[in-house]
Amino acid sequence: MTVVRKTERLLNLLIMLLVQRHFVSKDRIRAILYPGSSTDAFEKMFERDKEELRSLGVPIEVGQIDPFFEDEPGYRIRPDEFALPEINLEADEAAVIGLATKVWEHARLAEATTEAVRKLKALGVAVDVSALDIVQPRLTADEPSFDVFWEATQERVPVEFDYVRSGQHTVSTRHLQPWGVVRYSGRWYVVGYDTDRQDERVFRLSRVQGEARKAGEPASYDVPAGTDVRSVAKRLAPAPSTERVVLLVRTDAGHALRRNADEVETGVSGPDERTGWDRLVLTRGGLGMVDELLGYGADVYVVEPAKVQQAVVDRLSAAVGSGS
């Protein structure tokens with residue numbers, strides 16, 4: 001069983017238990033999601049999959065399908081327990097959720113979600129797709145190489161790619177065993193083991209030239225036990241620039257920005273006539289924040305510095321121009 005098939009199976013199980021309003025029997029789960037497996041194999045996989053989802057914070061509930069008979073337990077995920085109430089959501093919690101739900105927005109995994117729902121419907125499973133609309137992601141991943149690195153981390157496949165280091169113009173070919181893809185200081189990085197340098201390395205995805213290429217077999221390496229890819233990225237990536245940035249952010253938006261803000265002033269006048277704006281002051285990022293800010297769309301307005309404001313305007317103008 002490859003990593004990709006396991007990931008798809010977990011996603012299917014999550015969706016199946018989330019979109020149905022009643023408890024689902026183990027026999028039905030086995031018939032739909034684990035067809036052809038022996039009883040012993042099914043029991044082992046199902047127990048592992050349940051525990052893995054629970055370890056990720058998914059509240060799988062066990063209950064009786066028929067209240068008059070207690071011999072057949074069922075399983076479900078209640079959307080109201082799986083979702084975090086917006087009114088009680090702290091800024092740092094919302095930032096974590098925003099990062100996690102990035103994968104739901106990303107095209108490849110959005111396709112996987114659609115395919116999972118289609119399969120369940122084809123098998124006669126009544127689904128409530130509104131249960132999937134739990135949170136609204138705000139991050140984007142426009143780098144063309146994102147797909148390849150994301151898939152490679154799931155499959156544990158080495159990747160080959162051309163790369164330009166900061167401040168240089170020479171393109172070099174790099175070979176990496178990717179451990180994970182992570183967002184740090186408003187940019188996407190891939191972290192892994194550089195087989196040419198024989199050491200751990202971090203690469204900024206926007207500096208990858210052309211198409212990254214898988215260059216090996218699935219499951220051909222192991223990620224070192226206890227590896228925290230975010231910690232590695234923070235340790236190896238260039239330190240973020242420090243610059244005072246002032247933003248106007250709509251109320252209940254920009255949670256990741258709020259988490260890192262030095263000052264938050266609520267109830268201020270915004271760039272339009274509508275109410276519900278807050279003023280945030282951050283000391284980080286500068287021009288490096290442009291991609292992140294664009295991901296919030298009309299919910300964020302740059303007040304200063306002028307160069308960041310102009311960079312956002314230029315990027316939006318270029319997007320409009322290319323679409324005309």
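The values are calculated or read from the model by the stated rules, or taken from the named source; none is laboratory data. Everything quoted here is computed from the prediction, not taken from an experiment. When we count neighbours, we look across all protein chains shown, and the Cβ atoms used for this are built from the backbone with ideal geometry, even at glycine. We work out accessible area using only protein heavy atoms, side chains counted, and drop any ligands, DNA or RNA first. Shrake-Rupley method; radii C 1.70, N 1.55, O 1.52, S 1.80 Å.
Points worth noting:
- Looking only at the range 157-171, and only at residues there that are open to solvent by 60 Å² or more (accessible area, probe 1.4 Å) and not hydrophobic (A, V, I, L, M, F, W, C), the one that is nearest to residue 220 (Cα to Cα): 165
- Matching residues, the range 196-246, being open to solvent by less than 50 Å² (accessible area, probe 1.4 Å) and polar (S, T, N, Q): 227
- Out of 181, 249, 264, sole residue that is assigned by TED's automatic domain parsing to the domain that holds residue 305 and crowded, with 17+ Cβ neighbours inside 10 Å: 249
- Residue satisfying condition, being within 20 Å of residue 291 (Cα to Cα) and acidic (Asp, Glu), within set 147, 162: 147
- The set of residues from the range 268-308 being open to solvent by less than 50 Å² (accessible area, probe 1.4 Å), at pLDDT below 80 and either β-branched (Val, Ile, Thr) or assigned by TED's automatic domain parsing to the domain that holds residue 189 (or both) comprises just one member, 290.
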